[in-house]
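Peer 1: Before I ask anything, let me first share the structure, which is written out below as structure tokens.
The values are calculated or read from the model by the stated rules, or taken from the named source; none is laboratory data. This structure is a prediction, so every number in the text was calculated from the model and none was measured. Positions of Cβ are generated from backbone atoms using ideal geometry, with glycine treated the same way; all protein chains shown enter the neighbour counts. Only protein heavy atoms, including side chains, enter the accessible area calculation; ligands, DNA and RNA are left aside. Shrake-Rupley method; radii C 1.70, N 1.55, O 1.52, S 1.80 Å.
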Amino acid sequence: TVKNTFGSGTTTERLTIIGNGPHLTSFEPGTGVTGTRVKLHGRNLDRATAVEFGGVKTETFTVPAPTQLSVTVPPDARSGPVKLLSALGDFTSAENFFLPPRLAKPEKLEAKPGDVVEFTGRNFLGLESLSIGGQAVPFEVVSNDRLKFTVADDLLGGGVELAAPGGRWISTNSFAVLPRIDSFEPVIGPAQTMVTIRGAGFHEILFLKFGTGVAEFEQKSARELLALLPSNASTGPVSIIT
């Protein structure tokens, strides 16, 4: 800020005071995999004792000049900021280095519409999209290794795909959306009674049963079925098998 008798003027840019410790101004590339060679630019880089990628440390790097440092992304590195460690102080970048997302084998590969599902894995930071069976799914990144979503009524299920700044990940397993029965009416009646069943997840239905009897049905919509009570129906729950 400069002041005179008529007032003052202040720059829009900030002046950064650099001490004796390492200071990082930029790095390239901003994405990569384990083993990627990354060039760091800044000041006092020759004073760094270690470099961290998302909290995973490596002490193997070269410093051609105090303004340049070359490091290989270590095994098990995570998406996150690049951090320089030194005896004179640490410095953490404002920008993140992104690695490809990865999904751990889901404990739950099936759910009903309305259920909240949590996936675990790594490198969810900055996740751009989650799709199941080619359908976009709204999601929330809880942490770098956890995300959750609510199964929508119109979700059909299928393969899981993640897209993030560091790359894409496609599952080898499919996520199944189970049918959910909310109500049916009437709740009592003889054979040949027409029963309306409402719910969600009514996709690719194989059988509809009243107790032990398999019924004929018509799908009125994605959330409504019209079924004819069969002659061999028995008192019991209504079941939908997809």
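Peer 1: Please enumerate the residues belonging to segment 180-223 that are open to solvent by 60 Å² or more (accessible area, probe 1.4 Å) and either in contact (Cβ under 8 Å) with a residue 60 or more places away in the chain or of a type in the set (Phe, Trp, Tyr) (or both).
Peer 2: Of everything in segment 180-223, those that are open to solvent by 60 Å² or more (accessible area, probe 1.4 Å) and either in contact (Cβ under 8 Å) with a residue 60 or more places away in the chain or of a type in the set (Phe, Trp, Tyr) (or both) turn out to be Phe184, Phe207, Phe217, Arg223.
Peer 1: Quick check: is even one residue across segment 133-145 surrounded by fewer than 17 Cβ atoms within 10 Å (Cβ to Cβ) and of a type in the set (Phe, Trp, Tyr)?
Peer 2: No, that holds for no residue.
Peer 1: Same structure again: Residues that are touching a Leu at 6+ places or on another chain (Cβ under 6 Å): which strands (runs of 3 or more DSSP E) entirely in segment 19-93 hold 3 or more of them? Write out each step before concluding.
Peer 2: Details: elements: 23-28, 37-43, 50-53, 56-58, 61-65, 68-72, 80-85.
By residue number, no strands (runs of 3 or more DSSP E) qualify.
Peer 1: Pairs only if they're at least six apart or on different chains, beta carbon under 8 angstrom, first in segment 168-179 and without any contact (Cβ under 8 Å) to a residue 60 or more places away in the chain, second among the basic types (Lys, Arg) and open to solvent by 60 Å² or more (accessible area, probe 1.4 Å); list them, first residue then second.
Peer 2: none
Peer 1: In segment 224-240, what residues are surrounded by fewer than 13 Cβ atoms within 10 Å (Cβ to Cβ) and within 26 Å of Leu156 (Cβ to Cβ)?
Peer 2: The answer is Pro237, and nothing else.
Peer 1: Of everything in segment 70-107, what is more than 15 Å from the chain's Cα centre (by Cα) and basic (Lys, Arg)? Give them in sequence order.
Peer 2: Lys83
Yes or no, residue by residue, for (1) under 30 Å from Leu127 (Cβ atoms); (2) open to solvent by 30 Å² or more (accessible area, probe 1.4 Å); (3) out of contact with any His (no Cβ under 6 Å at 6 or more places or on another chain):
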{"residue": "Ile17", "(1), (2), (3)": "no, yes, yes"}
{"residue": "Asn20", "(1), (2), (3)": "no, yes, yes"}
{"residue": "Arg43", "(1), (2), (3)": "no, yes, no"}
{"residue": "Val51", "(1), (2), (3)": "yes, no, yes"}
{"residue": "Gly55", "(1), (2), (3)": "yes, yes, yes"}
{"residue": "Phe61", "(1), (2), (3)": "yes, yes, yes"}
{"residue": "Ala87", "(1), (2), (3)": "no, yes, yes"}
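Peer 1: If we scan segment 149-164, do we find a residue that is hydroxyl-bearing (Ser, Thr, Tyr), open to solvent by 70 Å² or more (accessible area, probe 1.4 Å) and in a strand (DSSP E or B)?
Peer 2: The first filter runs over segment 149-164 and keeps only residues hydroxyl-bearing (Ser, Thr, Tyr), leaving 150.
Subset that is open to solvent by 70 Å² or more (accessible area, probe 1.4 Å): 150.
Now narrow it down to the ones that are in a strand (DSSP E or B): 150.
Yes.
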